[in-house]
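Note sheet for the following structure.
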Amino acid sequence: QVQLVESGGGLVQAGGSLRLSCAASGRTFSSYAMGWFRQAPGKDRDFVAAISASGGATYYADSVKGRFTISRDNAKNTVYLQMNTLKPEDTAVYYCATSPTFPRRDYGGYVYWGQGTQVTVSS
């Protein structure tokens with residue numbers, strides 16, 4: 001069992017930045033790929049970014065490429081999502097998830113999910 005706890009969400013003006021964190025329990029964190037997804041009200045949960053277990057490979061949704069950066073610190077069992085140049089359309093609940101494989105944008109490939117953190121971008 002892996003538990004994930006997101007933090008770092010909040011209210012920010014358009015053009016601003018936030019850094020989300022996702023802390024994972026368990027000793028096998030470095031063996032798991034991690035992903036970030038988001039869900040706006042009334043919409044499906046969408047892929048944002050993913051990172052391989054070693055951190056050597058990353059993958060982004062086109063909508064965030066060049067603005068968001070995913071990274072991980074395996075010594076701290078934590079994955080991060082640095083979000084720059086935020087737009088109102090980035091407003092959503094952001095979830096982190098983990099998988100023993102590297103499913104990239106495949107929602108169904110992720111096994112454990114956090115509870116989410118709200119990000120609100122005002123115009």
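The values are calculated or read from the model by the stated rules, or taken from the named source; none is laboratory data. Being a predicted model, the structure only gives us computed values, none of them experimental. A quick note on method: Cβ atoms are made from the backbone with ideal geometry, for glycine too, and the neighbour counts reach across all protein chains shown. In case anyone asks, the SASA skips ligands and DNA or RNA and just uses the protein heavy atoms, side chains included. Shrake-Rupley method; radii C 1.70, N 1.55, O 1.52, S 1.80 Å.
Output the residue which, of all residues in segment 108-123 that are over 14 Å from the mean Cα position of the chain (by Cα) and part of a strand (DSSP E or B), is surrounded by the most Cβ atoms within 10 Å (Cβ to Cβ). Across segment 108-123, the extreme among qualifying residues is V121. When residues in segment 40-79 are screened for being touching a Ser or Thr at 6+ places or on another chain (Cβ under 6 Å), within 17 Å of P103 (Cβ to Cβ) and surrounded by fewer than 16 Cβ atoms within 10 Å (Cβ to Cβ), 0 of them pass.
Which of the residues that make up segment 88-107 are within 15 Å of K65 (Cα to Cα) and loosely packed, with under 15 Cβ neighbours inside 10 Å?
E89
What are the pairs with Cβ atoms under 6 angstrom where one residue, in segment 13-39, is open to solvent by 50 Å² or more (accessible area, probe 1.4 Å) and modelled with pLDDT of 95 or more and the other, located anywhere, is part of a strand (DSSP E or B) and polar (S, T, N, Q)? Sequence gap at least six, or different chains. What qualifies is Q13/S122; R19/Q82. The criterion of at least 3 residues that are within 10 Å of the chain's Cα centre (by Cα) and at negative phi is met, among strands (runs of 3 or more DSSP E) falling completely within segment 1-107, by 18-24, 33-39, 45-51, 68-73, 78-83, 92-99.
Listed residues T101, T117, T91; which is hydroxyl-bearing (S, T, Y) and closer than 15 Å to G55 by Cα?
Details: T117 fails: closer than 15 Å to G55 by Cα; T91 fails: closer than 15 Å to G55 by Cα.
Going through T101, T117, T91 in turn, just one is hydroxyl-bearing (S, T, Y) and closer than 15 Å to G55 by Cα: T101.
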